[in-house]
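The values are calculated or read from the model by the stated rules, or taken from the named source; none is laboratory data. Everything quoted here is computed from the prediction, not taken from an experiment. Note: areas computed on protein heavy atoms with side chains; ligands, DNA, RNA excluded. Shrake-Rupley method; radii C 1.70, N 1.55, O 1.52, S 1.80 Å.
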Amino acid sequence: MSEDYCTISAAPKPPVADGPPYAECVLCRKPTEYPESYKGITMCPVCEWQEAQRTACSG
């Protein structure tokens, strides 16, 4: 079985910001690595990882 069998690699990701101001995480409200001007769902690295763990397939 392929390692990326359950990953969504084609999903669009927000552009990484060059510097402040950063967008807030929609879950914990901490700064993300994405620009504040980005319109859409942004999550900090911790929440992104936790969300990936919740949605990972169980095989």
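Structure summary
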quantity	calculated
Qualifying positions in the stretch 1-29 - part of a loop (DSSP other than H, G, I, E, B), open to solvent by less than 70 Å² (accessible area, probe 1.4 Å) and at pLDDT 85 or above	Cys25, Cys28
Where Thr32 falls short, out of the listed (1) modelled with pLDDT of 85 or more; (2) open to solvent by 50 Å² or more (accessible area, probe 1.4 Å)	(2)
